[in-house]
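To keep things clear, I will list the structure first and then write my remarks on it.
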Amino acid sequence: GQQVMQIPQYQHVQEGEDFTTYCNSSTTLSNIQWYKQRPGGHPVFLIQLVKSGEVKKQKRLTFQFGEAKKNSSLHITATQTTDVGTYFCAENTDKLIFGTGTRLQVFP
Amino acid sequence: SAVISQKPSRDICQRGTSLTIQCQVDSQVTMMFWYRQQPGQSLTLIATANQGSEATYESGFVIDKFPISRPNLTFSTLTVSNMSPEDSSIYLCSVGSGWGMNTEAFFGQGTRLTVV
């Protein structure tokens, strides 16, 4: 079946630096959701994008959905140590299928 | 929102035995979902638990290995049968506020299973 790939797999940044993770699909996505999983925790919903080219912001986080609805990105401005965790994109149809995830480590 | 109580939170089991994981939701939901998350990996959907009918399994997962019960709209169990060390993983249950547009998924805290 389809797999949604995310890059990079890992990212280590210094606190204050920016971070971006990219989500790519070989097929058109009906929507894209983003989740954050803290170490030892469970995934927590961040946002959903539905429209082609859609951009949404949550404080330091900016989410984009590609024009072709085959890719998405999450950008964090000026990372903080509280941003540590794994970020997953996922397509939500009749079930939720997760991307491969990007693990973010932030050094103080 | 939905609050999901999942137990046990962790267990260490002998190979060849079975473990049943329980999930209780604080509201009635049509579908519940069971995921496996192997160390350092993403979440893989095992099956969809439907109330009143058999669970729907994803490719690579079978009922004999992962039997699921869904006796009512607030509860489900997943059993990991005849365990081997390869079954060591985190198992999570999940529900949605609805499935499709404008919905989000909620997860239990997970069950960390170690098979020795």
Residue B:55 being under 30 Å from residue A:5 (Cβ atoms) and touching a Phe, Trp or Tyr at 6+ places or on another chain (Cβ under 6 Å): no
Per-region count, region B:1-43, residues surrounded by 13 or more Cβ atoms within 10 Å (Cβ to Cβ) and touching a Lys or Arg at 6+ places or on another chain (Cβ under 9 Å): 9
Checklist (1) within 14 Å of chain A (Cβ to nearest Cβ); (2) of a type in the set (A, V, I, L, M, F, W, C); (3) within 23 Å of residue A:39 (Cα to Cα) applied to residue B:12, failing item: (1)
Checklist (1) surrounded by 15 or more Cβ atoms within 10 Å (Cβ to Cβ); (2) more than 8 Å from every other protein chain (Cβ to nearest Cβ); (3) within 18 Å of residue B:108 (Cα to Cα) applied to residue A:40, failing item: (1)
All positions within region A:76-108 that are farther than 11 Å from residue A:17 by Cα, crowded, with 18+ Cβ neighbours inside 10 Å and of a type in the set (Ser, Thr, Tyr): A:86, A:87, A:102
Residue satisfying all of: in region B:95-111; within 9 Å of chain A (Cβ to nearest Cβ) and modelled with pLDDT of 95 or more; surrounded by the most Cβ atoms within 10 Å (Cβ to Cβ) among these: B:108
Residue A:3 vs. criteria closer than 28 Å to residue B:60 by Cβ, in contact with a Gly (Cβ under 9 Å, 6 or more places away or on another chain), at pLDDT below 95 and not acidic (Asp, Glu): yes
Condition check for residue B:46: surrounded by 14 or more Cβ atoms within 10 Å (Cβ to Cβ) and farther than 28 Å from residue A:5 by Cα: no
1 or more residues in contact with a Leu (Cβ under 9 Å, 6 or more places away or on another chain) and more than 26 Å from residue A:30 (Cβ to Cβ): qualifying strands (runs of 3 or more DSSP E) within region B:1-101: B:4-7, B:10-13, B:19-25, B:68-72, B:75-80, B:89-96
Answer from B:52, B:60 - the residue that is surrounded by fewer than 16 Cβ atoms within 10 Å (Cβ to Cβ), without any contact (Cβ under 8 Å) to a residue 40 or more places away in the chain, within 14 Å of chain A (Cβ to nearest Cβ) and not hydrophobic (A, V, I, L, M, F, W, C): B:60
Where a residue in region B:34-45 is touching a residue at least 12 places away in the same chain (Cβ under 8 Å) and its partner, wherever it lies, is of a type in the set (Lys, Arg), with Cβ under 9 Å and at least six apart: B:43/B:36; B:44/B:36; B:45/A:95; B:45/B:36
Residues of region A:89-105 that turn out to be among the polar types (S, T, N, Q), within 30 Å of residue B:57 (Cβ to Cβ) and in a strand (DSSP E or B), as a count: 2
Which listed residue, of A:96, A:29, is facing chain B (nearest Cβ under 10 Å), at negative phi and modelled with pLDDT under 95: A:96
Among the candidates A:50, A:55, residue that is closer than 22 Å to residue B:103 by Cβ and within 14 Å of chain B (Cβ to nearest Cβ): A:50
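The values are calculated or read from the model by the stated rules, or taken from the named source; none is laboratory data. Note that the coordinates shown come from a computational prediction; the quantities given were computed from them, not determined experimentally. Note: ideal-geometry Cβ built from the backbone for every residue, glycine included; neighbour counts use all protein chains shown.
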